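So the structure is just underneath, and the comments pick up after that.
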Amino acid sequence: RRLSSGLLAISFFSATFMASVANAQLSATPSPAQIEQFKKLPKAQQEALAKQFGIDLKSLNLRGSSAKTQDKILPEQKYLDQNAEQEFDFEALNEEDENELKPFGYDMFEELQDAFLPGGNLPIPADYMVGPGDTLEVNLFGKESSQHILTVNNLGQINIPSLEPLSVSGLTYTELKAHISDTVKTKMIGIKATVTISELRGIQVYLVGDVKKPGAYQLSGLSTMANALFISGGPTEVGSLRHIELKRAGKTIANLDLYDMITKGDTSQDHRLQQGDTIFVDSIKKQVSIHGEVRRPAIYEVKDQETVADLVAMAGGLNVSAYPKNVVLASFDDAYQRKVSRLDLTNRKQ
C-alpha cells in the first residue's frame, strides 16, 4: 500500500503470539502453555480474547500476572481484536516514538567529520575538470630536458616556455595530458611531455537551507556534495536527508538522496563540486515511524509513491519472529481524522 502524507506509525507483531491465538480458536479449554502466553498479555487484550473465545478469566487464576509486560506492548496491539471498544491512545504512541525511536541517518552528523574531506595525497580521478588555480607539473624530455611548475591563470591558460599560451580550463585530467603531450610533440620536435597535477585549486561553495551551519565554505577541488554536508554539520532536525539539491549557475543539476548512500552504498548521485556551487537542503515533507518486529525500528523520511514494502526494506526487513499477515497501520485520512487499519504484506494486491 502507498504511504499517505499523514502516516503516524506502522507496527509488526510476533508470529509466536499469533500462533497462540490461532490455537485458542481450536479449543475453548486452553493448554497450560497457552495460559502462560495469555498471562503475559495486557489486561485489555486478556479481556477481549476471553470474550471472543468464551474463556472465563477467573478460572485461569491470573493473579500475579506481570504488569511490567504491559508497558512493553505497543499501543496498536489493542487493535488485534477489531471488536475492542477501548479508545486508541495516540498520545502514548507519540511519547513512545519520542523516547525510543530516533530519526534514521542523522547520527552520522553528530560530530564534524573532517576525515570525510579529501586529503592532498589522493590520486586525481580521470574525470577531474581542470580550472583556474590548479597547479601543473610539466616535464619535458628528449634532446633537451626541463621541468616546469605552472598554475592555470584566471583566463584558464598555462604558459609553457617556447610555446604560445595553452587553454586548459574545462578539460578533464585525461584530456589535459593528451592535449599538452600532443602540442609539445607537434611544435617542439624531438621533445615529449608528461603532465601531472601537483596541487589542486580551492573552491568556494555555499550551503543553505536546513543545515546546522549554513554559509560559504572553502573546499578542495575534489570535494563532493557529501563532503560539504559533513563539514557543515549536516541537516538540522527538520532538514531532509532525501531532498538535497545541487545548484549551478542558477539551475538545479543534481539531487542527492542520502538514504541510497546509507542503505545501498550508491554514490552515483554524489556529484563533485565546482567553484560557486550551491547546496540546498530542503525541509522534511513526510515522516513515518516503524516499530515492532523489524530489524531497524526508527523514524524514516518517505517520498511520494513509496509503499509500506519500501519502508520495510529501509528498516532492514522483518525479523524472523515477525507476522507479516497482521500489520497495524495508524494514519490520518484526508479529513485529518485518525484511523487504524490492518494490512497483510503477503497479499501483493494491498
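What is the percent carbon and sulfur in the accessible area of region 256-350, measuring with a 1.4 Å probe over the protein chains and ignoring ligands?
Numbers: 2230 of 4950 Å².
Here it works out to 45 percent.
Mind listing which GluC sites (Glu not before Pro) in region 120-180 are in a DSSP loop and have 10 or fewer other Cβ atoms within 10 Å?
On the way: sites: Glu137, Glu144, Glu175; in loops: Glu144.
Of the GluC sites (Glu not before Pro), the ones in loops of region 120-180 whose Cβ has at most 10 other Cβ atoms within 10 Å are Glu144.
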Dipole of region 260-339, positive direction: furthest Cα of Ile279, Gln337, Asn319, with charges on the beta-carbon: Asn319
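Please tell me which of these pairs span more than 26 angstrom C-alpha to C-alpha: Lys177/Lys264; Lys102/Lys251; Lys247/Lys285; Lys212/Lys339; Lys264/Lys339; Lys51/Lys339? Kindly include the intermediate steps, with their values, before the conclusion.
Numbers: Lys177/Lys264 35 Å; Lys102/Lys251 34 Å; Lys247/Lys285 20 Å; Lys212/Lys339 36 Å; Lys264/Lys339 33 Å; Lys51/Lys339 24 Å.
Distance filter (> 26 Å) returns Lys177/Lys264; Lys102/Lys251; Lys212/Lys339; Lys264/Lys339.
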Distant-in-sequence amide H partners of Met129 (H built 1.01 Å from N, under 5 Å): none
Per residue accessible area in Å² of region 255-321, where ligands, DNA and RNA are left out and the probe is 1.4 Å: 45 Å²
Model label zone, Lys102; criterion: amide N under 15 Å from point 7 Å along Cα-to-beta-carbon; scope region 279-316: 296-300
Gained length - Thr346 relative to His148, 0.36 nm times residue gap less alpha-carbon distance: 64.4 nm
Linear extension gain, Glu47 paired with Thr172, 0.36 nm per residue minus alpha-carbon span: 37.7 nm
Pairwise FRET efficiency - Leu122 versus Thr263, Cβ, R0 = 30 Å, nearest 0.05: 0.70
Segment Gln218-Val320, length gained on full extension (0.36 nm per residue, minus Cα span): 31.9 nm
Separation between Cα centres of region 253-289 and region 308-346, rounded to whole Å: 27 Å
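In debye to the nearest 20, how big a dipole does region 251-350 give about its Cα centre with +1 on each Lys and Arg Cβ and -1 on each Asp and Glu Cβ? Don't skip to the answer; put the middle values down first.
On the way: 14 positive and 14 negative charges, 78 e Å.
Using only the charged Cβ atoms, the result is roughly 380 debye.
The values are calculated or read from the model by the stated rules, or taken from the named source; none is laboratory data. For clarity, every value in this text was computed on a predicted model and none was experimentally measured. Positions of Cβ are generated from backbone atoms using ideal geometry, with glycine treated the same way; all protein chains shown enter the neighbour counts. We work out accessible area using only protein heavy atoms, side chains counted, and drop any ligands, DNA or RNA first. Shrake-Rupley method; radii C 1.70, N 1.55, O 1.52, S 1.80 Å.
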